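Structure first, then comments.
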Amino acid sequence: MSDESTNDGATNEGTAADTTGEDVTAEDVTAEDVRHVAGLARVDLDDDEVDRFTEQFGAILEYFETLDDVPETDAEPDLVNVLRADETREGLRQAEALRNAPETEDGYFKGPRVS
Amino acid sequence: MASEHTEAATGEAGASDETDRTSGGSGSAEDEYNAFLTREGIERSADGPLSNMRVAVKDNISTEGIETTCGSAMLADYVPPYDATVVTRLKGAGATIVGKTNMDEFGMGGTTETSAFGPTENPRAPGRVAGGSSGGSAAAVAAGLADAALGSDTGGSIRNPAAFCGVVGLKPTYGLVSRYGLVAYANSLEQIGPIAPTVEEAGEVLDVIAGPDDRDATTCPPADHGSETDSGDDTADSENAGGEQPDGSYADAATGDVEGTTIGVLADLVDGADEAVVDAFERSIDALEDQGATIEAVSLESIDHALAAYYVIAMGEASSNLARFDGVRYGPSPAEDDGESERGGDWNEAYARVREAGFGEEVKRRVLLGTYALSAGYHDKYYAKAQDARTWVKRDFEAAFEDVDVLASPTMPVIPPKVGERIDDPLRLYLMDANTVPVNLANLPAVSVPAVETPGSRHDDDSEGHDNDGRENQNLPVGVQFIGRAFDEAGILRVASALD
């Protein structure tokens with residue numbers, strides 16, 4: 001899911017911003033917006049949740065808009081590479097890695113059908 | 001030889017069969033506060049500095065062979081195949097682990113009411129929340145069911161319940177304690193830290209869990225701790241350099257000596273607090289001044305923006321981190337909710353069904369808001385501005401620490417709410433975190449200690465003759481927060497110990 005939600009500036013299909021216009025204000029959050037984001041996040045919602053979230057998101061996003069007043073800063077992240085020797089070491093055994101999976105088959109995780 | 005520590009571990013090697021998800025199992029004292037999700041003793045396997053300590057561990061910290069639920073239905077049956085580094089270190093230090101503690105689901109909450117397994121009640125304030133998200137850890141310590149506990153703190157989740165339950169809780173500098181084995185919520189913000197009845201005991205636990213770990217690349221070697229106060233850079237290459245543990249240990253830093261220390265009071269965070277909180281906080285500051293500390297008022301221009309920035313960043317990271325819960329490697333089966341193993345629809349639909357069933361409402365709320373704030377058209381408006389604010393907050397703190405040694409504020413702006421009082425208003429709940437989140441944005445260490453003459457404070461015992469007039473909520477816990485320079489845990493523990 002995060003490949004869509006954390007896009008790095010490239011345009012993306014049908015986000016809330018595209019459908020409702022760039023200068024949308026937070027109070028304008030609609031049930032449609034909530035359903036759209038829930039789809040991006042792969043979370044089904046029931047109708048009551050959609051209604052509650054629509055109302056709450058308006059208030060929360062309005063609060064987030066106080067960030068408009070924050071001046072631009074030049075971040076100088078003090079990042080360093082942390083490396084280690086490329087040596088094999090003990091990891092999880094296959095049985096341990098599979099232990100919590102709801103379904104496995106022949107030593108593999110079994111996921112839902114792709115289509 | 002370990003017999004005096006095994007009361008909770010009746011099963012020896014088969015101890016994992018002794019799991020008790022509810023309360024009061026295994027011959028231990030009753031857990032009337034719902035502090036524990038699993039009560040199970042790990043018999044101590046070594047002798048060490050914590051040989052006499054019963055330690056409870058928050059249920060988002062992995063314990064090999066023992067359920068680690070994160071307070072979520074999504075992980076209700078999850079059993080980690082390995083120990084978190086902090087758990088390995090506790091065991092190696094001789095600690096007896098007495099169980100896994102209740103928490104807000106995945107750490108998302110400030111009251112432990114978002115736990116899928118019911119709220120934790122406050123042992124020191126009946127009918128009120130224990131705080132959160134490490135509410136079970138703080139309640140276990142406050143109720144005497146554990147001598148100390150581990151919590152995790154993403155935006156206050158150690159300090160908040162420590163303040164509400166009248167115990168000590170420390171959020172370490174980012175990079176001091178390994179996060180290996182901590183189930184991630186917001187990686188750039190969170191740290192594991194100790195909760196204990198006293199500052200000295202919190203220091204004893206920190207002594208054991210602190211230090212670099214090659215399984216967490218964000219941990220820093222002591223030589224990089226670069227304290228601006230003592231030991232110049234020229235000694236940084238020697239073995240003992242870095243000033244990580246002045247006088248040998250964090251526990252030893254709890255000297256109670258504040259003579260000559262300059263404490264900056266964060267005026268903006270005092271102004272917004274409840275009257276009862278302000279009263280207790282000011283009495284504590286007065287006590288420190290009486291003991292020789294110098295008090296100054298400090299104002300940080302950026303601090304009004306910290307809360308919004310925190311929530312945008314935390315929710316954004318959460319939306320990415322929690323993508324892993326899809327019912328394939330762990331969690332409920334995609335087929336379970338409808339009983340059809342080959343139900344129609346593609347895998348995205350199957351994931352969405354699992355996540356609807358497995359996540360509680362607050363987790364969904366944060367995942368959705370994080371997704372929204374990172375989506376096309378909104379990334380610059382929310383996430384980029386939040387990162388700007390984070391840098392601004394860091395710089396404001398750095399500037400403040402040019403003039404003061406330690407900063408102080410009330411830990412929480414409110415007294416512990418009643419169970420159920422706030423849970424339906426998410427924004428109002430978020431606003432409770434105003435005093436704790438700036439520290440996480442700035443990667444700094446902070447400790448919460450009971451205010452003088454409040455429950456949990458040693459001064460509370462001899463306060464009977466005190467004039468209580470006009471103190472409406474006099475019997476409720478209030479925490480004082482001390483914030484230090486990066487890696488100056490010793491400094492804040494020293495100042496905090498002057499109050500307990």
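Let me confirm something: among A:18, A:74, which residue is modelled with pLDDT under 95, under 30 Å from residue B:218 (Cβ atoms) and within 9 Å of chain B (Cβ to nearest Cβ)?
Sole residue among the options that is modelled with pLDDT under 95, under 30 Å from residue B:218 (Cβ atoms) and within 9 Å of chain B (Cβ to nearest Cβ): A:74.
Has segment A:62-70 got any residue that is facing another protein chain (nearest Cβ under 9 Å), over 18 Å from the mean Cα position of the chain (by Cα) and within 21 Å of residue B:360 (Cα to Cα)?
no
Please state which one of B:228, B:200 is surrounded by fewer than 24 Cβ atoms within 10 Å (Cβ to Cβ), more than 19 Å from residue B:91 (Cα to Cα), modelled with pLDDT of 95 or more and among the charged types (D, E, K, R).
None of the other options fit; the residue is B:200.
Can you go through B:157, B:178, B:188 and tell me which one is closer than 16 Å to residue B:110 by Cα and at pLDDT 90 or above?
B:157
Being over 18 Å from the mean Cα position of the chain (by Cα) and on the phi < 0 side of the Ramachandran plot is the filter here; which residues of segment B:416-450 pass it?
Scanning segment B:416-450 gives B:417, B:418, B:419, B:421, B:422, B:423, B:424, B:425, B:426, B:427, B:428.
Whether any residue in segment B:105-117 is free of Cβ contacts under 8 Å to residues at least 40 places away in the same chain, surrounded by fewer than 24 Cβ atoms within 10 Å (Cβ to Cβ), touching a Ser or Thr at 6+ places or on another chain (Cβ under 9 Å) and more than 28 Å from residue B:254 (Cα to Cα) is what I want to check.
Scanning segment B:105-117, I find no residue that is free of Cβ contacts under 8 Å to residues at least 40 places away in the same chain, surrounded by fewer than 24 Cβ atoms within 10 Å (Cβ to Cβ), touching a Ser or Thr at 6+ places or on another chain (Cβ under 9 Å) and more than 28 Å from residue B:254 (Cα to Cα), so the answer is no.
Sort through B:410, B:445, B:426 and tell me the only one that's touching a residue at least 24 places away in the same chain (Cβ under 8 Å) and within 14 Å of chain A (Cβ to nearest Cβ).
B:426
Which one is surrounded by the fewest Cβ atoms within 10 Å (Cβ to Cβ) among residues in segment B:395-418 that are part of a loop (DSSP other than H, G, I, E, B) and among the β-branched types (Val, Ile, Thr)?
Result: B:404.
The values are calculated or read from the model by the stated rules, or taken from the named source; none is laboratory data. Just so we're clear, the structure is a prediction, and the values are computed from it rather than from any experiment. As a convention, Cβ positions derive from the backbone with ideal geometry for all residues, glycine included, and neighbour counts pool all protein chains shown.
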